[in-house]
Structure formats: C-alpha cells, structure tokens
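See below for the structure under consideration.
The values are calculated or read from the model by the stated rules, or taken from the named source; none is laboratory data. Note that the coordinates shown come from a computational prediction; the quantities given were computed from them, not determined experimentally. Note that each Cβ is placed from the backbone with ideal geometry, even for glycine, and that neighbours are counted across all protein chains shown. Side chains are part of the model used for accessible areas, which takes the heavy atoms of the whole protein and leaves out ligands, DNA and RNA. Shrake-Rupley method; radii C 1.70, N 1.55, O 1.52, S 1.80 Å.
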Amino acid sequence: MATILSAQCTDARVNLVTPELFRRFPDARSIAASPRGALEKVIRSTGFFNSKAKALRGASKAIVEKHGGEVPRTMEALRALPGVGRKTANVVLGNAFGAPEGVVVDTHVGRLARRLGWSRHSDPEKVERDLNALFPREKWVFLGHALILHGRAVCASRKPRCETCTLSDLCPREGVAP
Ligand code: SF4
C-alpha cells in the first residue's frame with residue numbers, strides 16, 4: 001500500500017500518512033470495503049489521491065478475492081494487481097519477502113546506472129536487466145536502496161557533487177556536464 005502511495009510523492013510524506021491509514025484500515029479487507037471519501041481523506045496529502053484510492057481499493061479487492069487476503073508472492077500475481085508495476089512488485093518481493101526478481105529501478109537508480117556506465121538505457125526494465133546481470137541476486141535489494149540514497153544525498157539530477165563523492169574514482173560520469 002505504501003509503495004502505491006509513493007508514486008509522485010516523497011517517502012517522508014508517505015511515512016506520515018501510513019500510520020493513520022493502517023490504524024483506520026488495518027488489512028486488505030477493510031481497505032477494499034472503505035467508504036467512498038474516507039480513504040481519500042486519509043491519503044489526500046500524498047497527491048493524486050483519487051487515483052491512488054482507486055488503486056488501493058482495487059489491489060485490496062483482488063488480494064481478498066483472489067489471494068485469500070494475503071499479498072501474493074510472485075511477480076506475475078503482483079503485477080496483475082491494480083496500481084502495481086514492475087518496480088512496485090520488486091520493492092514488495094525484495095523488502096517484504098526477501099525474494100526480488102530484480103533491482104528496483106526508480107528515477108535515481110536509472111540516472112546513477114547511466115552515469116556510472118552500468119547501463120545505456122532509459123527504459124527502467126532494460127536498466128534493471130543490465131543491473132541484474134552485473135550484480136549477484138543477494139545484492140539486489142541493497143543496491144536499489146544504496147543507489148537511491150546516493151542519488152538523493154550526492155549524485156543529484158542537476159548538481160551532482162562529484163568533488164566529494166566516494167565513487168568518483170570509479171565513475172566515468174557519463175552524461176554529466178564537466
Ligand atoms: S562521481 Fe559524480 S556522477 Fe559519479 S556517482 Fe559520484 S556524484 Fe554521481
């Protein structure tokens with residue numbers, strides 16, 4: 001649920017919203033049956049709240065009806081849920097179940113993979129394929145988190161801080177302005 005809410009929203013904001021969300025609606029059944037307006041009100045500050053509420057209800061309904069109220073554990077079944085793409089499915093498989101199908105590729109991971117010379121692609125699924133081939137499976141979850149943190153703290157989109165970056169000796173800085 002939190003990963004669906006994180007689209008176009010900061011993690012900090014999602015983390016402010018989820019305690020109240022899960023207090024009011026503690027499982028898939030209660031989210032699926034939530035009265036119109038009540039769920040929207042709780043998640044409003046995450047933005048795009050109408051479509052996110054629709055995805056939360058739709059995913060919860062499918063989890064209840066097709067999976068007995070439990071979040072499914074395969075890429076195929078997760079991707080069949082409303083609001084769940086490959087990135088979200090990999091977040092859940094890797095972090096909740098310890099069984100990722102690949103590296104989570106968001107905007108930070110994609111940018112860093114290109115700058116570091118690990119991928120030439122802009123399509124996240126192709127970047128994921130390149131990273132999956134370069135790193136062993138047991139590193140995939142860590143790699144996604146590490147690149148996201150590094151992208152936020154050091155290798156920002158517009159102004160990467162190459163002069164203080166711990167990876168500067170290894171990084172070809174592909175596409176970075178001199
Ligand atoms: S050296 Fe620069 S471009 Fe390379 S990872 Fe560090 S901040 Fe990013």
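For residue 61, the lysines whose Cα falls under 28 Å of its own Cα, not counting residues fewer than eight places away in the same chain, are 41, 52, 87. One decimal place: the segment residue 107-residue 145 gains 12.4 nm when fully extended, by the rule 0.36 nm per residue minus the C-alpha distance.
Normalising by the residue count of the chain, find the relative contact order in percent from Cα pairs under 8 Å and 6+ residues apart. After rounding, I find 16 percent. Taking only protein heavy atoms and a 1.4 Å probe, the accessible area of region 136-178 is 58% carbon and sulfur. Taking every alpha-carbon pair within region 52-178, the share separated by more than 27 Å comes to 28 percent. With K and R counted +1 and D and E -1, the other residues having a Cβ less than 13 Å from that of residue 9 yield a net charge of +1. With R₀ set to 41 Å, the beta-carbon distance separating residue 77 from residue 163 gives a calculated FRET efficiency near 0.35.
Basic side chains Lys and Arg get +1 at the Cβ, acidic Asp and Glu get -1 at the Cβ, and with that the dipole of the chain about its Cα centre reaches some 560 debye. The simple Förster model, with R0 at 22 Å and r as the Cβ-Cβ distance, assigns residue 152 and residue 176 a FRET efficiency of 0.85. A full extension of the chain between residue 40 and residue 27 corresponds to an added length of 3.1 nm, given 0.36 nm per residue minus the alpha carbon distance.
Go through region 34-138 and name the GluC sites (Glu not before Pro) that are in a DSSP coil and have 14 or fewer other Cβ atoms within 10 Å of their Cβ.
When the GluC sites (Glu not before Pro) of region 34-138 are filtered for loop state and at most 14 Cβ neighbours within 10 Å, 70 remain.
With both labels modelled 7 Å from their Cα along Cα-to-Cβ, the residue 123 to residue 70 distance reads 3.5 nm. Accessible surface computed residue by residue for the chain, with neighbouring protein chains in place and a 1.4 Å probe, gives 59 Å² per residue.
To the nearest 10, the accessible area of residue 48 is 130 Å² with a 1.4 Å probe.
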